[in-house]
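What follows is a single structure, written as structure tokens, with notes after it.
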Amino acid sequence: MTFTGILRTKSPGVFFLLLPLLVLAGSALSTIPAGSADYPREGSIRLLKDGEFYPALVDAVDRARNEILIAVFLFKTNGFEGNRPDGILSRLEAAAGRGVRVTVLLERDEDSRSEVNRSNEQTAKRLRKSGIIPAFDSPEKTTHTKIAVIDGRFVFVGSHNFTQSALKYNHEMSITVDSPSLAEEMTRYIRSIER
């Protein structure tokens, strides 16, 4: 199956099963270096290692014109200047302010006292203050995804939670793909788990 065929597949499972092979075969893929004037280019895939994810995501959010859809396990804002999750939150608020539809799906587990629930609920309150209505999954099944779909075209997926640790300090790995067909499949998947 060609790379383009993988992007056009009707099953996201196939994509995720083949993702490690795609990453290992990086020289055969159309990779775009950070800050490249050629980015975005339909069909491109870009590896986002460690701290590369945050600037790529906020740049895409800043460029969004129609819709931003995010599904993330942990979105830990704290209101402190320089906190990268708060940076994402402020970019989402600005996008909503310019008329972009913003949906953020957060994990909610069965233990109301868990750190994940507390952090996601705190972020949900901040989202509501800016007019963004957060969504939560069902507490019976964990949503461990870290996905963003922007303008029905750009997909970010990988290991980065929206925490200061993941966005600045940890070893994390994600990719961004410019693929309307993959974005459509990811959007259907996220909508299927919205509560």
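The values are calculated or read from the model by the stated rules, or taken from the named source; none is laboratory data. Being a predicted model, the structure only gives us computed values, none of them experimental. Using ideal geometry, Cβ is built from the backbone for each residue, glycine included, and neighbour counts are taken over all protein chains shown.
Considering only the range 146-189, how many residues are more than 10 Å from the chain's Cα centre (by Cα), closer than 23 Å to Phe136 by Cα and hydroxyl-bearing (Ser, Thr, Tyr)? The qualifying residues number 4. Residues in the range 44-94 that are more than 27 Å from Glu121 (Cβ to Cβ) and part of a loop (DSSP other than H, G, I, E, B): 3 in all.
Of the candidates Ala135, Ala166, Ala148, the single residue that is at pLDDT below 95 and buried (at least 22 other Cβ atoms within 10 Å of the Cβ) is Ala166. What number of residues in the range 41-55 are under 16 Å from Ser179 (Cα atoms), surrounded by 21 or more Cβ atoms within 10 Å (Cβ to Cβ) and either at pLDDT 95 or above or of a type outside the set (Val, Ile, Thr) (or both)? Of the residues in the range 41-55, 1 are under 16 Å from Ser179 (Cα atoms), surrounded by 21 or more Cβ atoms within 10 Å (Cβ to Cβ) and either at pLDDT 95 or above or of a type outside the set (Val, Ile, Thr) (or both).
Conditions tested, residue by residue: (1) touching a residue at least 24 places away in the same chain (Cβ under 8 Å); (2) among the charged types (D, E, K, R); (3) outside any helix (DSSP H, G or I); (4) touching a helix residue (DSSP H, G or I) at 6+ places or on another chain (Cβ under 8 Å).
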residue: Ser112; (1), (2), (3), (4): no, no, yes, no
residue: Asn117; (1), (2), (3), (4): no, no, no, no
residue: Ala124; (1), (2), (3), (4): no, no, no, no
residue: Glu140; (1), (2), (3), (4): yes, yes, yes, no
residue: Thr143; (1), (2), (3), (4): yes, no, yes, yes
residue: Ile175; (1), (2), (3), (4): yes, no, yes, yes
residue: Ala183; (1), (2), (3), (4): yes, no, no, no
